[in-house]
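Q: Here it is: the structure, laid out below.
The values are calculated or read from the model by the stated rules, or taken from the named source; none is laboratory data. Please read these numbers as outputs of a predicted model, since none were measured by experiment. We place every Cβ from the backbone using ideal geometry, glycine too, and count neighbours over all the protein chains shown.
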Amino acid sequence: MKAAVVTKFGSPSVLKIQDWPEPAPQQGEVKIRIKAIGLNFADVMARLGLYPGIPKPPFIPGIEVSGIITKVGENVRKWRRGDRVIAFTHLGGYAECAVVKQEQLFSLPKRMNFEEGAAFSVAYLTAYHGLLTLGHAHKGDKLLIHAAAGGVGIAATQMAKHLGAEVFATASTSEKLEIARAHGATHLINYQQEDFEEVIREKTDGYGIDVVLDSVGGTVFKKGWKILAPMGRYVLFGFSAITGKRTYSKIKVLREMIAAPILFPHTLLSRNVSLSCFNLYFLMKKSEYLRNSLRLVLDWQANGILKPVIGARYPFSKIAEAQAYMQSRKSIGKIVITLD
Ligand SMILES: NC(=O)c1ccc[n+]([C@@H]2O[C@H](COP(=O)([O-])OP(=O)(O)OC[C@H]3O[C@@H](n4cnc5c(N)ncnc54)[C@H](OP(=O)(O)O)[C@@H]3O)[C@@H](O)[C@H]2O)c1
């Protein structure tokens, strides 16, 4: 099979299309023919060697795909050959075929095509887990959503609108901010031109923010933490601040790590605030919770409350270009790779 392989850690050019042996499903696993791949920022971090628990190259990255089951292993009851599915591949998704544990498969609803299927689950489950399960966002809450025009950012903004929360959206260009507005953001902050901490203090008369969704970390974490309102919930789920336009610099990583606030649990008592951190990649064992959460967000999608945005499509042969585009910070919504 053809696979896009991280041949060594580095810039997008290290991603090479190669012939790899087709994997065979073992007990409790199925093999799928991949039809579409959802790109995630985690794939960029994996290629850079910055993702926790990533193997040494060569390896096939990719955590989110859609496709058709071509073979089932022993002890697989629910799934059959020919089923259309969404799958969390836990690496191995940048290929024509993948083998997946049966718990990491979800039915692709008839109303969705493969591209929509590949673009949905990670973004909406991340937004759901951050905003609702950990952030306990409610109607009227003031929310701060960073990277608001990205895959997760749009998903979270649409959910916040559905809840009736007030969204303060940050992004690096006015075009992206207009996208955030179209999906439900009220306050638009171009952090390249304004200081989001100051703007929020001013717009909220010093009250601050009830829930912060922070996927950037470092300096952004430090500033966001300061404007958390009493009973505020800070949800940290990424560290994009350490990446550069093509590779990354160790000095920048160190600078952003040092910039993060130093937290002593007892100081949180008097501020009445909480910090939650998560990574869905390490949450796959909670398959029942993920399945129920996905069912809920798919219901919202079926009812038109959530509208996934695919901002760019690339053929499999151009997957390295697609990753470079994501890393360039120009992408809007999800990027999807299509396979014949
Ligand atoms: N923990 C989890 O389970 C989980 C799951 C999914 C995603 N995530 C995290 O959530 C974030 C968004 O993921 P996504 O896949 O939806 O990607 P994305 O938002 O579509 O793209 C990344 C965006 O992050 C923003 N950004 C801010 N600082 C950046 C920097 N130094 N370098 C590059 N980009 C920077 C850029 O938007 P602006 O230029 O507008 O700021 C960029 O467009 C990522 O940090 C990702 O790792 C975490």
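Q: Suppose we filter Ser287, Ser274 for residues that are outside the structural domain of Leu163 (by TED's automatic domain parsing) and in contact (Cβ under 8 Å) with a residue 24 or more places away in the chain; which single one remains?
A: Result of the check over Ser287, Ser274: Ser287.
Q: If I ask for residues that are near the ligand (Cβ under 10 Å from one of its atoms) and of a type in the set (Phe, Trp, Tyr), which ones from region 203-242 would you list?
A: Selection gives Phe237, Phe239.
Q: So which residues in region 295-340 are more than 16 Å from the ligand (Cβ to nearest atom) and among the polar types (S, T, N, Q)?
A: Residues satisfying the conditions are Gln301, Asn303, Ser317, Thr338.
Q: While we're looking at this one, here's another question. Kindly state which strands (runs of 3 or more DSSP E) lie completely within region 98-217 and contain at least 2 residues that are surrounded by fewer than 20 Cβ atoms within 10 Å (Cβ to Cβ), at pLDDT 95 or above and of a type in the set (Phe, Trp, Tyr).
A: none
Q: What residue, among those in region 243-291 that are within 16 Å of the ligand (Cβ to nearest atom) and hydroxyl-bearing (Ser, Thr, Tyr), is nearest to Glu103 (Cα to Cα)?
A: The residue in question is Ser287.
Q: Of these, Lys56, Lys35, which one is touching a Ser or Thr at 6+ places or on another chain (Cβ under 8 Å), among the charged types (D, E, K, R) and within 30 Å of Thr243 (Cα to Cα)?
A: One residue alone meets the criteria, Lys35.
Q: Something else now. Restricting to region 4-13, name every residue that is closer than 15 Å to Gly62 by Cα and not in a loop (DSSP other than H, G, I, E, B).
A: Of everything in region 4-13, those that are closer than 15 Å to Gly62 by Cα and not in a loop (DSSP other than H, G, I, E, B) turn out to be Ala4, Val5, Val6, Pro12.
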